[in-house]
Amino acid sequence: MRHDHLLSANQLSRDDIEAVLDRAATIADDPPDHADDVLALLFFEPSTRTKMSFDTAMKRLGGTTVDMGSAEASSVKKGETLADTVRVVEGYADAIVLRHPSEGAAKMASEFVDVPVVNAGDGAGQHPSQTLLDLYTIRENAGLDDLTIGIMGDLKYGRTVHSLASALTNFDARQQFISPESLRLPRSVRFDLHEAGAQVREHTDLAEVLPDLDVLYVTRIQRERFPDENEYRAVAGQYRIDEATLADASDDLTVMHPLPRVDEIAPDVDSTPHATYFEQAHNGVPVRMALLSALLGGEDR
Amino acid sequence: MRHDHLLSANQLSRDDIEAVLDRAATIADDPPDHADDVLALLFFEPSTRTKMSFDTAMKRLGGTTVDMGSAEASSVKKGETLADTVRVVEGYADAIVLRHPSEGAAKMASEFVDVPVVNAGDGAGQHPSQTLLDLYTIRENAGLDDLTIGIMGDLKYGRTVHSLASALTNFDARQQFISPESLRLPRSVRFDLHEAGAQVREHTDLAEVLPDLDVLYVTRIQRERFPDENEYRAVAGQYRIDEATLADASDDLTVMHPLPRVDEIAPDVDSTPHATYFEQAHNGVPVRMALLSALLGGEDR
Amino acid sequence: MRHDHLLSANQLSRDDIEAVLDRAATIADDPPDHADDVLALLFFEPSTRTKMSFDTAMKRLGGTTVDMGSAEASSVKKGETLADTVRVVEGYADAIVLRHPSEGAAKMASEFVDVPVVNAGDGAGQHPSQTLLDLYTIRENAGLDDLTIGIMGDLKYGRTVHSLASALTNFDARQQFISPESLRLPRSVRFDLHEAGAQVREHTDLAEVLPDLDVLYVTRIQRERFPDENEYRAVAGQYRIDEATLADASDDLTVMHPLPRVDEIAPDVDSTPHATYFEQAHNGVPVRMALLSALLGGEDR
């Protein structure tokens with residue numbers, strides 16, 4: 001990549017994406033040596049898989065990590081600004097992975113430091129390394145060209161969905177969005193997709209499109225989005241899949257989910273050949289190894 | 001070991017135990033190289049010594065660890081099941097160490113993953129790596145054959161006691177249990193010990209057996225087990241030892257405790273030759289090095 | 001250093017200090033190999049920069065760290081004493097870095113263990129590794145001889161200030177203390193400085209001394225020290241600097257701060273050549289590398 005930071009999926013061209021995915025495919029067999037590099041993990045919000053996945057990726061590159069710990073146990077509690085925190089940390093580490101509750105936090109941080117910043121989630125904004133591992137999983141299982149993908153669930157607030165939809169405009173992909181009315185894509189995201197020439201359609205019923213899908217990407221509908229518990233249950237129940245739901249799907253359908261799931265995908269799907277969400281999570285390691293190595297300049301040494 | 005997981009002391013034969021203890025005795029001088037191995041630490045309950053001890057052991061093997069952090073700061077808070085968490089983590093790590101408040105959690109987890117799982121405590125269930133370091137300490141200080149051991153304190157809820165008592169049935173050991181009536185061994189544990197042909201007796205008064213003991217293993221009586229504060233004080237006071245208590249003991253008596261202690265062992269015991277509980281804690285490192293190396297296949301490389 | 005522990009700046013002679021600073025200046029180019037050493041991080045109070053800085057320093061030496069985690073998630077919660085905790089941990093690690101809310105905690109801990117203990121802050125007591133990086137920063141920017149330094153803010157409770165003032169008595173330094181009446185140096189510190197022959201003066205107004213200063217060391221005035229919010233605001237406002245405040249300063253003035261800052265230094269100072277506080281924080285890594293390597297015996301191997 002010719003970028004200094006990874007802040008948004010929007011900054012990635014098709015060439016950028018393919019370079020990372022190609023490298024990810026072989027990096028475990030032939031890892032570059034980052035023994036002298038230190039990666040800082042700054043997670044201002046809870047995370048299991050993203051943080052452990054970056055931590056693992058850095059260690060599989062032979063490097064080390066230093067962890068700020070939880071925001072409650074840190075100087076943040078004493079009133080320090082994010083700009084000050086990252087300016088201190090750039091003196092410790094060769095790159096920074098940042099998760100923060102505020103949209104735009106990673107971009108702001110990147111303007112204060114000279115080391116690469118990776119946005120690992122900024123509020124309802126972006127989560128571009130998740131997008132790279134999603135694309136890797138799609139490419140391995142269904143291919144990225146002549147693709148029909150259904151994206152279902154909370155399309156309004158899900159940063160994972162926004163990043164993925166944007167990145168898919170680089171490929172020959174038909175995007176079918178499936179959600180309740182109240183959780184449709186934000187107008188701004190829809191506008192950007194149309195501007196980019198994306199092939200987009202919106203639905204409220206999975207059955208309309210299921211047979212045509214190569215990939216079904218399911219996301220969690222969060223209870224707290226609904227003022228009324230009954231309304232939540234009615235809506236969530238319609239966007240939940242199980243083995244029976246998938247009877248009309250193609251034998252080759254790939255079912256994905258960024259995890260954690262609560263009950264959007266029933267456990268009986270886990271043992272079907274459709275289930276690809278654990279493989280998807282595991283792909284976080286080689287994809288992030290390739291990403292970190294590119295940002296740290298590992299391949300040039 | 002020929003096991004894939006270490007879930008319970010019950011699964012360990014005398015040969016299994018001796019193989020780990022023999023390797024532990026020399027592993028620091030000649031550590032196998034686990035530079036390519038990553039160990040995941042999943043602690044759903046607080047822990048200092050067990051977690052730091054596994055962390056240290058893995059690093060002394062040249063390997064690395066990735067830590068889930070506290071359950072509060074993780075996806076668990078979002079409602080993820082343990083089965084999903086471990087299926088994600090097996091994609092990051094070569095082995096998993098798990099502590100969980102629910103009895104049977106480690107066994108359940110092991111059924112979902114292909115990497116080795118070590119049970120580092122499951123509620124009132126088992127804590128088999130603690131047992132291995134306890135046996136190592138006994139072997140170094142008193143020998144494991146023709147042994148008379150007193151096990152005192154909370155015998156009802158202590159998972160450390162249940163694991164140790166079970167493992168000792170592999171050796172020629174007389175087990176003397178000393179506790180208040182209300183904290184006697186659970187009927188099921190007593191039954192299993194008798195089935196295994198163990199030489200077991202129960203007492204309420206330490207003085208009855210103290211002079212005959214080679215080892216006295218003291219455990220903590222927890223205040224919260226007693227509805228009444230006065231009852232707690234009366235009972236706890238009787239199962240507390242100090243230098244005066246030990247006047248009738250053999251000069252060679254080895255005093256052990258799984259730690260942390262509160263006041264079951266008075267500080268004046270620390271400077272006597274009986275005190276072996278810090279050495280016991282330190283033995284966690286070589287014993288866990290040997291255990292992890294066996295599970296990771298380090299010796300075969 | 002010929003010391004076993006680093007507990008207080010008072011224990012450091014001029015030769016000790018210069019040995020660490022000299023080594024720090026070159027250690028990044030030629031790091032000793034501590035691949036076999038493990039450093040334990042025991043932080044009983046929140047910390048970002050001190051903990052991450054020690055963690056980074058140890059990893060840049062090729063070594064590893066094991067972290068107790070927060071006091072809430074540890075055995076401390078079960079009532080374990082600090083003496084027991086460190087006696088367990090000395091079996092895991094080759095050195096211990098300890099932060100604790102109680103003054104004297106590090107000294108007490110050092111009396112129970114055979115591995116080196118570094119005091120990383122003990123209540124209102126000492127923080128000597130901060131002092132070493134402060135001295136390093138002063139030496140690089142203004143020199144340690146024929147120095148005029150202003151130390152401003154909370155001089156009563158600031159352990160950073162007490163350690164620095166004491167260490168500066170080893171050098172030809174004029175110390176100008178600037179604070180509100182209510183936050184003057186404690187009588188005991190003033191006494192010790194006079195005993196050591198220090199050239200010390202106290203002021204309530206920065207303007208009196210600003211033009212003569214080579215270094216201005218600013219510290220945070222904590223709201224919680226004042227019973228009355230209005231009194232706090234009146235006082236804090238007088239000891240806050242911005243670009244306008246510095247108009248009367250020497251062009252070569254070095255402005256330092258131990259961080260985190262809240263609003264004692266306005267952001268418009270950050271882009272002036274005076275601002276040295278981020279460089280100061282970054283110096284924590286080479287200085288702590290030199291310190292740890294000396295305590296671990298790295299240079300003798």
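Close amide H pairs (under 5 Å, H built 1.01 Å from N) link C:VAL66 with C:LEU39, C:ALA40, C:LEU41, residues at least 5 positions away or on another chain.
If you model the stretch B:1-46 as an ellipsoid using its alpha carbon gyration tensor, with each semi-axis the square root of five times an eigenvalue, the axes come out at 21, 20, 11 Å, biggest first. Ranked from shortest, the separations from the 7 Å Cα-to-Cβ label point of C:GLU208 to its equivalents in the other copies are 7.9, 7.9 nm. Residues in the stretch B:173-189 carry Karplus couplings, in order, of 10, 8, 9, 9, 9, 10, 6, x, 3, 6, 10, 5, 3, x, 3, 5, 5 Hz; the curve used is 6.51 cos²θ - 1.76 cosθ + 1.60 with θ = phi - 60°, and Gly or Pro positions show x. Look at the alpha carbon pairs under 8 Å that are at least 6 residues apart: their mean separation over the length of the stretch A:1-69 gives a relative contact order of 34 percent.
If you wrap a convex hull around the Cα atoms of the stretch A:81-226, how much volume per residue is inside, in Å³? Present the calculation step by step, with values, prior to reporting the outcome.
Values: hull volume 18.4 nm³, N = 146.
Looking at the stretch A:81-226, the number lands at 126 Å³ per residue.
Taking the charge dipole of chain A about its Cα centre, with +1 at Lys and Arg Cβ atoms and -1 at Asp and Glu Cβ atoms, the residue from A:SER293, A:THR245, A:SER182 reaching farthest to the positive side is A:SER182.
Sequence-distant contacts, meaning Cα pairs under 8 Å at least 6 residues apart, place the relative contact order of chain C at 22 percent.
Modelled spin labels at A:GLU111 and B:ASP172, positioned 7 Å past Cα toward Cβ, are 7.9 nm from each other.
Quick one: dipole size for the stretch B:158-230, taken about the Cα centre, charges +1 on Lys/Arg Cβ and -1 on Asp/Glu Cβ, in debye to the nearest 20.
Values: 9 positive and 12 negative charges, 53 e Å.
It works out to roughly 260 debye.
Each residue of the stretch B:78-89 is assigned a 3J(HN,Hα), and the resulting list reads 7, x, 5, 7, 4, 4, 5, 4, 6, 5, 5, 5 Hz, derived from the Karplus form 6.51 cos²θ - 1.76 cosθ + 1.60 (θ = phi - 60°), x at Gly and Pro. In order along the stretch C:223-233, phi translates into HN-Hα couplings of 3, 5, 6, 10, x, 10, 4, 5, 4, 4, 5 Hz, rounded to whole numbers, per the Karplus curve 6.51 cos²θ - 1.76 cosθ + 1.60 with θ = phi - 60° and x for Gly and Pro. In the stretch B:122-174, one over the average inverse separation of all distinct C-alpha pairs is 11.4 Å, which is the Kirkwood hydrodynamic radius. The stretch between C:ASP248 and C:ARG14, if pulled fully straight at 0.36 nm per residue, gains 81.0 nm over its current Cα-Cα span.
In the stretch C:202-264, Rg over Rh equals 0.98, where Rg is the alpha-carbon radius of gyration and Rh the Kirkwood radius from pairwise Cα distances.
Determine Rg/Rh for the stretch A:1-134; Rg is computed over alpha-carbon atoms and Rh is the Kirkwood hydrodynamic estimate from the same atoms. Mind dumping the intermediate values first?
Values: Rg = 14.5 Å, Rh = 15.3 Å.
Computed over Cα atoms, the ratio is 0.95.
Taking amide H atoms as placed 1.01 Å from N in the peptide plane, the amide H of A:ILE265 lies under 5 Å from those of A:ILE241, each 5 or more residues away in sequence or on another chain.
In this assembly of identical copies, the label point of A:ASP268 (Cα plus 7 Å along Cα-to-Cβ) is separated from its counterparts by 6.9, 6.9 nm, sorted shortest first. Label-point spacing at C:GLY79 relative to the other copies reads 3.9, 3.9 nm, in ascending order, each point sitting 7 Å out from Cα along Cα→Cβ.
Going by alpha carbons, how many degrees (0 to 90, nearest 10) lie between the helix axis of A:128-141 and the longest principal axis of chain A? Here the helix axis deviates by roughly 50 degrees. Per residue of C:87-98, other chain Cβ atoms within 10 Å of the residue Cβ number 5 on average.
Can you tell me the order of C:184-194, A:91-101 when each peptide is scored by its average per-residue count of other Cβ atoms within 10 angstrom, highest first?
Numbers: C:184-194: 14.9, A:91-101: 22.8.
Answer by packing, highest mean first, reads A:91-101, C:184-194.
Over the whole of A:284-294, what's the average partner chain Cβ count within 10 Å per residue? Rounded to a whole number, please. Don't skip to the end; give the middle numbers.
Working: counts 3, 4, 0, 0, 0, 0, 0, 0, 0, 0, 0.
Across the residues of A:284-294, the mean count of other-chain Cβ atoms within 10 Å is 1.
For A:ILE151, the amide hydrogen comes within under 5 Å of the amide hydrogens of A:GLN176, A:PHE177, A:ILE178, A:TYR217, counting only partners 5 or more places away or on other chains and with H modelled in the peptide plane. Working from Cα pairs under 8 Å separated by at least six residues, relative contact order for the stretch B:239-300 is 35 percent. The orientation-averaged projected area of the convex hull spanned by the Cα atoms of the stretch C:163-301 comes to 10.6 nm². Overall, the protein assembly as shown carries a charge dipole of about 1620 debye about its Cα centre when +1 sits on the Cβ of Lys and Arg and -1 on the Cβ of Asp and Glu, all other atoms neutral. Restricted to Cα atoms, chain C shows a radius of gyration and a Dmax of 19.2, 58 angstrom. For the protein assembly as shown, the Cα-based Rg and Dmax, in that order, read 30.1, 89 Å. Inter-chain neighbour count for B:35-41: the average number of beta-carbon atoms from partner chains within 10 Å of each residue's beta-carbon is 2.
Read-outs: derived from the displayed coordinates by stated rules, not from any lab. Just so we're clear, the structure is a prediction, and the values are computed from it rather than from any experiment. Here the Cβ is made from the backbone with ideal geometry for all residues, glycine too, and neighbour counts use every protein chain on show.
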